[in-house]
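Take a look at the structure below.
The values are calculated or read from the model by the stated rules, or taken from the named source; none is laboratory data. All of these numbers come straight from a predicted model, not from anything done at the bench. Positions of Cβ are backbone-derived with ideal geometry, glycine not excepted, and every protein chain shown enters the neighbour counts.
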Amino acid sequence: MSEALVASPAPAADSSASGASGARQFWRRLRAQRAALVAAAVVALLVLVALAAPLLTAIEGQDPTTYHPSLVDSARGGVPVGPLGGIGADHWLGVEPQTGRDLFARLVYGARVSLGVAIAATLVQVLIAVVVGVSAALGNRWVDQVLSRTTEIIVALPLMIMSLALLAIVPGSFPRPVLVALVIGLIAWGTLAKIVRAQTLTLKQLDYVAAARLSGWSTWRIARRDLLPGLAAPLITYSALLVPMNIGVEAALSFLGVGVKPPTPSWGQMLTAADVWYQAAPQYLLLPAGALFVTVLALTVLGDGVRTALDPRAASRLRVGTGRRGEARADAGTTAGTDLPRPGTPADGTKEATA
């Protein structure tokens, strides 16, 4: 991917024009992918709902922590009173079993926690990966060896087990969403660091980087001016795929009881409490599970669309196609008009004998 992501050096005005042209090409390729546009709209809507959670719950007139014991039937174990889990004008998605807390309020506030933790963990991963990967690629042999072996150890660590261990020993007074984001970010940066190191080693071999080194530029200046712009495309692509992965990790940790603690709502925490209510109150399980599924699917599709849009060779591959049909079509296009004999010429290429 490196040769497709790096451009030749140019003056400041030309580089800005090239950057604007590259941005236009990126948006054009992204707009050509309808699935990616739909996924982007879904992600934007989810982020908007998460940011506007206080306003939405104020319009409904509820909050995520207030108990409503009168809305659950204690004689039946706390099943919500009314049809469809207590859905009504005051509670748009019904209420939570046993507690009577509003499900809509907990769902939109849970979006803030799940998305916030995933995005914060991704930022931590990207920051550590860039520092470690670039330092390993630009450092001497010993620095590269130490950082590379450390990265391999981090990659080999089991994420869930290490997260469970760290989250279990930290005092409960520490803000739990911040702690979960830090733990995920500090454990799961290894793979991205290896990608950054490999890409930086490729960029180091380019002529304009060698010219900058010979002109006396410092390592930091070369990294900031020449290498980091070339790393933007793979970082954006992989980060778009890291966010849904981190959402799943946060949900799994909350499901195991070591993630976000009540009364702070989280989609994974709601799934943990709903595992015994899937028959008596199915909406309590289906709503957070559906929200998780839609969010992870939309982010995954968007990440794949961003990867395709940032790869200039993807458009030609999509036009020609892949597999045997694409190869046959490409071969037919290259041989058309060259292998066919001219009119009046035999197939073996010899001239006909004239009378």
Taking GLN98, is it part of a loop (DSSP other than H, G, I, E, B), touching a helix residue (DSSP H, G or I) at 6+ places or on another chain (Cβ under 9 Å) and in contact (Cβ under 8 Å) with a residue 24 or more places away in the chain?
yes
Could you tell me which of the residues ALA111, ALA156 is surrounded by 18 or more Cβ atoms within 10 Å (Cβ to Cβ) and under 24 Å from THR237 (Cα atoms)?
ALA111
Residues of region 12-37 that turn out to be small (Gly, Ala, Ser), in a helix (DSSP H, G or I) and either at pLDDT 60 or above or under 18 Å from the mean Cα position of the chain (by Cα) (or both), as a count:
5
So, in region 258-273, how many residues would count as being touching a residue at least 40 places away in the same chain (Cβ under 8 Å) and in contact with a helix residue (DSSP H, G or I) (Cβ under 6 Å, 6 or more places away or on another chain)?
10
Being among the aliphatic types (A, V, I, L, M) and outside any strand (DSSP E or B) is the filter; apply it to region 60-82 and report the residue that is surrounded by the fewest Cβ atoms within 10 Å (Cβ to Cβ).
ALA75
Is there a residue being in contact with a strand residue (DSSP E or B) (Cβ under 8 Å, 6 or more places away or on another chain), in contact (Cβ under 8 Å) with a residue 60 or more places away in the chain, over 22 Å from ARG176 (Cβ atoms) and crowded, with 19+ Cβ neighbours inside 10 Å anywhere in region 281-298?
yes
